[in-house]
Amino acid sequence: MLDIKNLQVRAEDKEILKGIDLHVDAGEVHAIMGPNGSGKSTLARVLAGHPEYQVTAGEITYEGQDLLDMDPDERAREGVFMAFQYPVEIAGVNNAYFLKAAVNAKRKHLGQPELDAIEFMQLVREKAKLLEIDQQMLSRAVNEGFSGGEKKRNEIFQMALLEPKLSILDETDSGLDIDALKIVANGVNALRSPDRAIIVVTHYQRLLNYIVPDYVHVLSAGRIVKSGGKELALELEEKGYGWIETGAEPVRA
Amino acid sequence: MTQVAEKLQPWLAALDERPQGGPRWLQDLRDRGAARFASLGFPTTREEDWRFTSVAAIANSEFSAVPPAAAAMTEQDLAPFVYADAPHRLVLVNGRFAPELSRLNGLPKGVRFGSLAAAIHSESDAVARYFGQLADFGARSFTALNTAFAEDGAFVLIPDRLVLEAPLQLIFLSTNAPSFMSSPRTLVLAGERSQSRIVETYVGVPGQGYFTNAVTEIAVGEHAILDHYKVQEEAIDAFHIAAMHVHAARSATFSSHAFSLGSRLARNDIFTVLDGEGAECTLNGLYLADGERLVDTHTTIDHAKPHCPSHEVYKGILGGRARAIFNGKIIVRQDAQKTDAKQTNRALLLTDDATINTKPQLEIFADDVKCTHGAAIGQLDEDALFYLRSRGFTFAEARDMLIHAFAGEILDRVQVEPLRRALEAELYAQLAKDLAEVDAA
């Protein structure tokens, strides 16, 4: 589904990613872990097409297409979805209106009939339960005045409505208490299927207790320095990132 | 200076053609207005209040000071301008009452709604008591000029304790007769504990570049509630100068919603005096300009008594090489403890060539008060644009959504639904044109 080759990325003359190779197949969940500043959020944002970054080398193929050649909205309509680390507040745009327009923009692109108000509300009811989205969150402006947890739930709610092929969760667990974390994880797990892939970007292993990955990659200083199965996450939790960055086993006290 | 004086000559000559007749007090008032204008002349950009707005284009034009009688207009001519589907409307064409287009019947007992010229005779006591009392022209050329030519306009009187359900619409329509100046005058008296809504609409036909110089005086009685809507959709080649003076008595609630969408040069001044404990005012505004147009808003909220809240939100959208000025003055008198004043001004610049000068101006003489103000000028929020695009909206869709949301904050406060829809349609149509120009550039 996704093939990243030798991806090198700069932001404002600072080299952030220094040659990333990553292959993700449909049905897989990959976790990208790493210390702060390792470039993991940059990777997520580059996949979504954030304009702040310049790709200086490498390529990204998504479903046989050149992803880097696609605008952010084109990527979204083709099934790429990033749950933002910091969801943006959109004053004056009603959340329900926004969600319906987003769902229909995608359906139109895929040649499917657009949902009318009643059909959309049916879809909302079904998905809202899972993420404990209440009527109040739908009637407010997008993310405006939402708590941190509400914003993250709203992101995964959008993901549930848009049913992306490739989802990228950018530190969705940051700032969530354990209950909110479980709700979010349930929402994500409900979307796991053989024809979808999910990339979970996280600093901590905690989320991976609930969204169990097939692969774990460790990013450090702009490179993937270690890859493994889900047990790698547990190892990181226990030992921290230091041993990977220095290449040495930590000394136990 | 001599040049300025020369330019003033035709205006001084025109003053001699000012209306005569009517009661003595009115003749005196006109005379004083004329004398004041003659000594003030037009404001120049050396004056702080006109620093960014040159009125040379008005001063240098020759307008006939006596508005031409309009050719007979039909309901159909008027149709595009009747927004509020208000059952009650007063229409003035080129500053003169047009009875055949007006709908003045069927109002509750005691309500006076009609032409000012008629009211000067029929309601002479009420008119004489208030007329010219709020719109001080001592230092204001255009108000002096309007006063010199005061003859017709609108008169509204809502009796005490009356709740008027339907909005009253005042339509000031200008035709494309050879360029002329009209000096409409509006007097609104809202009785104690009354409740009403008034829509003032200024529209016109392009072609000859007419000049509207309007003055509105509003007295809101104790515990009265008055919602005032002003829609400025003058012809694109017209000049629009307007001053609205509001006096709010104890516990009165006054709201102003000002939409400035038309004219090549628009200046809107609003003066609100909160002159009784617990009086409250809300000033909302939205302006849009493009091309070479200029839109200038000066508001003054004068907190004269304690415990008066005021809320002000103005927003602007500027395209092309348009210029905007926003000056929001808040005065808190020594007496006005527990004042709570909030002011926000935001402007969205669609092009690099559009400019705005914005200035909050606080004059606070009391010590136990809360005053906040903020201004934000700029382009659309890049993060919001990216967020929307990442959800599948094209750049143009995302941009439209954000701009509509920006304007929506003000539009959504319009409580007269057909008016809100009409304003929205007009605004979106203008925006679509402006954005198409941005895309083509």
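The values are calculated or read from the model by the stated rules, or taken from the named source; none is laboratory data. Since the structure is predicted, the reported quantities are computational estimates derived from the model, not experimental observations. Virtual Cβ from ideal backbone geometry, glycine too; neighbours counted across all protein chains shown. For the accessible areas, the whole protein counts, side chains as well, though only heavy atoms, and no ligand, DNA or RNA atoms are used. Shrake-Rupley method; radii C 1.70, N 1.55, O 1.52, S 1.80 Å.
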With respect to the cross-link table entries A:Lys40/A:Lys239; B:Lys329/B:Lys433; A:Lys14/A:Lys182; A:Lys40/A:Lys129; B:Lys230/B:Lys359; B:Lys230/B:Lys433, which display a Cα-Cα separation exceeding 28 Å? B:Lys329/B:Lys433; A:Lys14/A:Lys182; A:Lys40/A:Lys129
Distance in nm between A:Glu52 and B:Arg413 label points, each 7 Å along Cα→Cβ, equals 3.3
Given the options B:Gln232, B:Gln76, B:Gln208, state which has the largest fluctuation in a GNM of chain B using a 10 Å cut-off (strictly under) for Cα springs. B:Gln76
Spin-label point model (7 Å from Cα, Cβ direction): what's the B:Ser124 to B:Ser54 distance in nm? 4.7
Rounded to the nearest 20 debye, what is the charge dipole size of chain B about its Cα centre when +1 sits on each Lys and Arg Cβ and -1 on each Asp and Glu Cβ? 520
Two-site FRET efficiency, B:Leu380 against B:Gln20, from Cβ-Cβ distance with R₀ of 56 Å, rounded to 0.05: 0.55
How big is the antiparallel share of DSSP beta bridges in the protein assembly as shown, given as a percent to the nearest 5? 15
Compute a Gaussian network model of chain B, connecting alpha carbons closer than 10 Å, and tell me which residue from B:Gln343, B:Gln195, B:Gln361 fluctuates the most. B:Gln361
Can you tell me the accessible area per residue over segment A:2-247, all protein chains present, probe 1.4 angstrom, in square angstrom? 43
Taking each residue of A:82-92 in turn, how many C-beta atoms of other protein chains fall within 10 Å of its C-beta, and what is the average? 5
Of A:Gly49, A:Leu219, A:Val201, which is farthest along the charge dipole of segment A:2-247 in the positive direction, counting Lys and Arg as +1 and Asp and Glu as -1 at C-beta? A:Val201
Quickly estimate the mean residue ellipticity at 222 nm for the protein assembly as shown, helices only: each DSSP H run with n ≥ 4 gives -39500 (n - 2.57), and the total goes over all residues, rounded to 500. -8500 deg cm²/dmol
Under the definition of Cα pairs under 8 Å and six or more residues apart, what whole-number percent is the relative contact order of chain B? 10
Given the options A:Lys106, A:Lys226, A:Lys40, state which has the largest fluctuation in a GNM of chain A using a 10 Å cut-off (strictly under) for Cα springs. A:Lys226
Magnitude of the Cβ-charge dipole (Lys and Arg +1, Asp and Glu -1) of segment B:272-374 about the Cα centre, nearest 20 debye, reported as 220
In Å² (nearest 100), what accessible area is buried between A and B, both sides summed, heavy protein atoms only, 1.4 Å probe? 1800
Placing unit charges on C-beta atoms (Lys and Arg positive, Asp and Glu negative, everything else neutral), compute the dipole magnitude of the protein assembly as shown about its Cα centre in debye, rounded to 20. 980
Between segment B:229-279 and segment A:50-103, what is the C-alpha centre distance in whole Å? 43
Could you give the distance between the Cα centres of segment B:130-149 and segment B:45-95, to the whole Å? 18
Would you mind checking segment B:155-176 for residues with the amide N under 14 Å from a putative spin-label position 7 Å along Cα→C-beta of B:Arg103? B:166-171
Inter-label distance for B:Val205 and A:Arg10, nm, one decimal - labels placed 7 Å from Cα along Cα-to-Cβ: 6.2
Two-site FRET efficiency, A:Gln135 against B:Arg421, from Cβ-Cβ distance with R₀ of 45 Å, rounded to 0.05: 0.95
Rounded to the nearest 0.05, what FRET efficiency is calculated for B:Asp335 and A:Glu119 with R0 set to 56 Å and r the Cβ-Cβ distance? 0.40
Would you be so kind as to identify which of B:Leu101, B:Thr74, B:Leu427 lies farthest towards the positive end of the dipole of the protein assembly as shown, taking Lys and Arg as +1 and Asp and Glu as -1 on Cβ and the Cα centre as origin? B:Leu101
Which loop-located trypsin sites (Lys or Arg not before Pro) does segment B:22-98 contain, where loop means any DSSP state but H, G, I, E or B and the Cβ has at most 11 other Cβ atoms within 10 Å? B:Arg46
For peptide A:38-50, what's the mean number of Cβ atoms from other chains within 10 Å of each residue's Cβ? 1
Could you run the Debye sum over the Cα atoms of segment A:2-247, one equal point scatterer each and no solvent, and tell me log10 of I(q)/I(0) at q = 0.18 Å⁻¹, two decimals? -1.48
Under a Cβ-Cβ cut-off of 9 Å, what is the net charge of the residues other than B:Thr299 that fall near it, where Lys and Arg count +1 and Asp and Glu count -1? -1
Select from chain A the helices, each a whole stretch of DSSP H, whose alpha-carbon atoms run 15 Å or more along the helix axis and whose Kyte-Doolittle mean is at least 0.0; answer none if there are none. A:117-131, A:178-190
Near the amide H of A:Ala83, under 5 Å away, which other amide H atoms are found, from residues 5 or more places off or on another chain, if H is placed in the peptide plane? A:Ile168, A:Leu169, A:Asp170
If you roll a 1.4 angstrom probe over the protein chains with everything in place, what fraction of the accessible area of the protein assembly as shown belongs to carbon and sulfur, to the nearest %? 48
Potential lengthening between B:Ala13 and B:Ala79 on full extension [0.36 nm per residue; Cα-Cα distance subtracted]: 20.0 nm
Those GluC sites (Glu not before Pro) from segment B:11-83 that are DSSP loop and have at most 13 other Cβ neighbours within 10 Å turn out to be B:Glu17, B:Glu47, B:Glu62
Express as a percent, rounded to the nearest 5, the fraction of DSSP beta bridges in chain A (both residues included) that run antiparallel. 55
Just the number please: accessible area per residue for chain B, 1.4 Å probe, all protein chains included, in Å². 39
